[in-house]
1. Can you sort A:16, B:361 from fewest to most other Cβ atoms within 10 Å of each residue's own Cβ?
2. Calculate the spin-label point distance for residue B:288 paired with residue A:5, positioning each point 7 Å from the Cα along the beta-carbon direction, and give it in nanometres.
3. Rounded to a whole number of µm²/s, how large is the Stokes-Einstein D of region B:1-40 at 37 °C and 0.692 mPa s, given Rh as the Kirkwood radius over C-alpha pairs?
4. Among B:240, B:25, B:401, which comes first, second and so on when ranked by fewest other beta-carbon atoms within 10 Å?
5. Straight-line reach from residue B:156: which lysines fall under 26 Å, measuring Cα to Cα and dropping same-chain residues less than 8 apart?
6. Name the residues whose placed amide hydrogens come within less than 5 Å of the amide hydrogen of residue B:432, ignoring near sequence neighbours (fewer than 5 apart) on the same chain.
7. Can you give me the pair-distance distribution of region B:61-138, C-alpha pairs, 5 Å bins, whole percents?
8. Where the centre of each part is set by its Cα atoms, how far does region B:1-48 sit from region B:219-242, in angstrom?
Amino acid sequence: MSLKNFIDTLLNVWVFAFIGILVWLYFKREPEGNETESQKSVGDN
Amino acid sequence: MFKNPLLLIALTLTGLIAIWGIIDTAGLAQFSSTITGVLFTSRAWFIMLSVSLLLILCIWLAISPYGKIKLGKNDDEPEFSTVSWLTMLFAAGMGVGLLFWGTAEPLSHFNVIRNYTDTFRAAEHALFITNFHWGLHAWAIYAVTGLVMAYFSFRKGYPILVSSPMKAVFGQRTWTRSVGWLSDLLAIYAIAIGIGGSIAMGVFQIQSGVESLLGLHNSGLWLAGVIFAVLCLSYILPLTVDLSKGMATLSNTAMAIAGGLLIFVLLTGPTYYIMSAITGSIGDYFARVVPHGFKTYTFFDEKVTNWFQSWTLTFMVWWLAWAPFVGVFIARISKGRTIREYIIGVILVPTFFSIFWFGVFSSVGFYGVLKLDAPILEVLKTNINDTTFFVLRHLPLSTLTIIATVLAAFLFVVTSVVSASFVLSMFASGGDLNPPTRTKLIWGAILGALGLVMILSNSIDAVKSIIGLAALPFIFIVLLVAVCLLKALKSEVV
């Protein structure tokens, strides 16, 4: 594998990992209370 | 100021880039070109996929029930009338870029594409590609960034920062604090380099206009230096006093001049030809725009892939560089609007305006090349900065229109630097809406130094690659905050 190919692979593996993290973050269940009282949706008032 | 590590690191980082560029301009340009070349080759698919997904996200949000959600409290009303709001959106998107590229960009594409197809198809496709670069995809990048900022600021009560969505959705954790901090830093870095590029482009444009007016040829760096000095002097005062209303007036004046220029060229140029081209380009654009967003020219020769990298990919990362800056501006003027109104206003209206703008300026250029055999393509090769003025010189009242173009370019650059200094100071001070004057002045100086670096490079291609280097990491941040928005919307009752 040439250096050029190796760098290309690394750069793309980073992108694949990033996409994986995004998908995981989207579906991850968040514990209640991430928002402080003052920062809850002001539209709910 | 010295108790704020983000500000110190951001100033040091951008300051070092400026010093490097001033000491060794060619070295920085070469370094940027090599790195962006590698990144563009490896990640072209990711950039195009990302910007296409951002556009699809915008369309989906506009038509989904989430479109009814207000950017603010449920009883908040928009601060500005719809007409004022749309005018201000124009002002955000209408920068010195449109003045610079109006004729030059479509003709540059034409010059490449005509080697692969018939002349008339090449002209049509060149105009389509230009509209693609300045249209829905560009505005989708701005729209998502601004939407995230407006939603988390006006509806959730967080400061207008790139890091706010992460802290709002995932809580105050080590990773949200560190990734958020890095995101704010990358936003500052991208804005600073992007504005530096606009200063350089503005100076190149003004320089060509002054050369045209005074009958100078190849005035070189001395005239660019004089123009740069006048620009710097012009934005120092607005940075020291609160001139928000005055700046709005200057920005509106620049818009009015550009609008007047557009109508003048439409009426004094070949009007039937221009209107026919615009009508054709509207149909062509909307028929092909979404599939074209996924096009990566994989199976084409090296000349085409180089062209794709130096235009399409560069423009997409250019919009990314400007996204935090324009996003803040759009967010601030959109409080009280629904997501649906916001998206329709932000992505559709400026796109139509761009189609009209490029339709007018490109058609005049194509008319000259295809019907009159005018040597515009030669001008494009020898001095791309002069393309707009070459066209204006062949229309009536050319002295007046060239002065108007120079003045509009000057005003666009001054208002951009003043606004960017404010946004940079605000980001670096944790969202403070009244950042200290000293911080704004320091940012003004850094932006000036970065502009000087790009002027010294004396090449629009070098400017493009330096901006690419700064903006590429920001694509990850835009996608991350978009996920934060989607996650937050899930908890909304619609």
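1. A:16, B:361
2. 3.5
3. D, rounded to a whole number, is 286 µm²/s.
4. By the 10 Å Cβ count, ascending: B:240, B:25, B:401.
5. Filter leaves A:28, A:40, B:68, B:70, B:73, B:167, B:335, B:487, B:490.
6. none
7. Final binned percentages: 3, 13, 14, 14, 14, 11, 9, 9, 7, 4, 2, 0.
8. Distance between centres, Cα-based: 24 Å.
Bear in mind that the values in this text are calculations on the coordinates, not laboratory data. Please read these numbers as outputs of a predicted model, since none were measured by experiment. Reconstructed Cβ throughout: ideal geometry from the backbone, glycine too, with neighbour counts over all protein chains shown.
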